[in-house]
Each structure stands twice: as C-alpha cells, then as structure tokens.
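Down below is the structure, laid out as structure tokens.
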Amino acid sequence: MLLPPGKFFQMCWYVQDIHAAMRTCHAVSRTGPFYYVEHPVIDEYTWRGVRGTLDMTGALAQAGPIQIELVQQHNDVGSAYRDQFGPGEEGFHHIAAMVDDYDAELAHYRSQGCEIAHSGVVAGKRFCYIDTRPKLGFMVEIIEENPAMRDMFGLISNAAIGWDGTDPFRPISITSPIA
C-alpha cells in the first residue's frame, strides 16, 4: 500500500458493537474483508497525561483509496473515544496519517493549539490521537512510520482488490502492528 508521508489514508468510526458494525458496514456498502484484532496490547498508554490500560477491539477494511477503521472500547478508562462519545453513542471519530517525522508532526499540531488526547506504543512505534475537534470537528491520529504496519495495511488493501465477498470477517492476532 503506497501511503505518501503525512497524507490521510484512514477514516475511523467509534462503535458500540464491533461485530455488528462490521456486519452492517459489509451488508450496506459491500466493504471488506474486515480484519479485526480483539484486545491488542497498547504499551505506554496515556490519556491526557494519565497512564492507564486501554481495552479495545479494532477492525480494518479497505474501501477504494480509504481504509475504514471501526473501534470499540471495552473498559471505562479515559480515552480519545470517551472524550467524544458518551455511553451508547457512536459515530465518526478520526482520520489518520502515517508520518516519517512523528515529533515534527506532533509539534505542528501543538503549534496550532491542539492537545494530545491519548497516545501509546504498538510494535515499538508511537501513535497518538490529537484533539483537533475545536478546529476540524474530529480528531486526527498520527502513526509513526512503521514498515510492519505498512505491510499489514498493504495486506488489507490487497485483500480488497477483486474480493469475491467470501470470508468477510477475519480475526488476526498481532504481536506487531495495529493502532
């Protein structure tokens, strides 16, 4: 998957039931196949300066040039998701970019008055959600350049090319990337 540095490639929706959301997205839009990982380990998780443990499930599918992400949070810790959605709510949450210079990109958003909502490390690479809601109406995720993540995104993108609709929901386990 070719991702120009710093360009947005992903749109994410926060959902209450990820399996139902995958089924609905697939049925209505024929998007798929979805690759999902339940309860991935997020190291160094921090929400607005407070360390914690985030329990979530994520699902990814390619829809043309845009990657679709669905996220469900399972616990009640503070998060970028809980910042935006209360109990029982769901909707569009963020757009994401993979960046070559994570620190410079983060400095840019901070210079615009935007704060980190939550951050962590997956597969040794940093990611964060920047609270751009007051300026853009949604959050922005930046992901540190990561060849393993690019490989996984490429697998998801390639699976959608010519996909015949079979096996629409595919669990994956990761000891490396997803955010």
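Overview of values
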read-out	value
Output for the range 152-175, where each listed residue is of a type in the set (Phe, Trp, Tyr) and in a loop (DSSP other than H, G, I, E, B)	163
Test: residue 98 is open to solvent by less than 60 Å² (accessible area, probe 1.4 Å), part of a helix (DSSP H, G or I) and at pLDDT below 95	no
Answer from 84, 10, 72 - the residue that is open to solvent by less than 10 Å² (accessible area, probe 1.4 Å), among the polar types (S, T, N, Q) and in contact with a strand residue (DSSP E or B) (Cβ under 7 Å, 6 or more places away or on another chain)	10
Top-ranked residue in the range 128-151 [being part of a helix (DSSP H, G or I) and charged (D, E, K, R); ranked as nearest to residue 79 (Cα to Cα)]	133
The listed residue being without any contact (Cβ under 8 Å) to a residue 60 or more places away in the chain and either out of contact with any Leu (no Cβ under 7 Å at 6 or more places or on another chain) or not small (Gly, Ala, Ser) (or both), out of 16, 72	72
Residues located in the range 49-64, provided they are closer than 12 Å to residue 25 by Cβ and in contact with a strand residue (DSSP E or B) (Cβ under 7 Å, 6 or more places away or on another chain)	59, 60, 61
Which listed residue is within 24 Å of residue 148 (Cβ to Cβ), in contact (Cβ under 8 Å) with a residue 24 or more places away in the chain, buried (at least 16 other Cβ atoms within 10 Å of the Cβ) and more than 15 Å from the chain's Cα centre (by Cα), from 53, 46	46
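The values are calculated or read from the model by the stated rules, or taken from the named source; none is laboratory data. Given the structure is predicted, the values throughout are model-derived calculations rather than measurements. Methodologically, a virtual Cβ is constructed for each residue, glycine included, from the backbone with ideal geometry; neighbour enumeration extends over all protein chains shown. Surface areas here come from the heavy atoms of the whole protein model, side chains and all, with no ligands, DNA or RNA. Shrake-Rupley method; radii C 1.70, N 1.55, O 1.52, S 1.80 Å.
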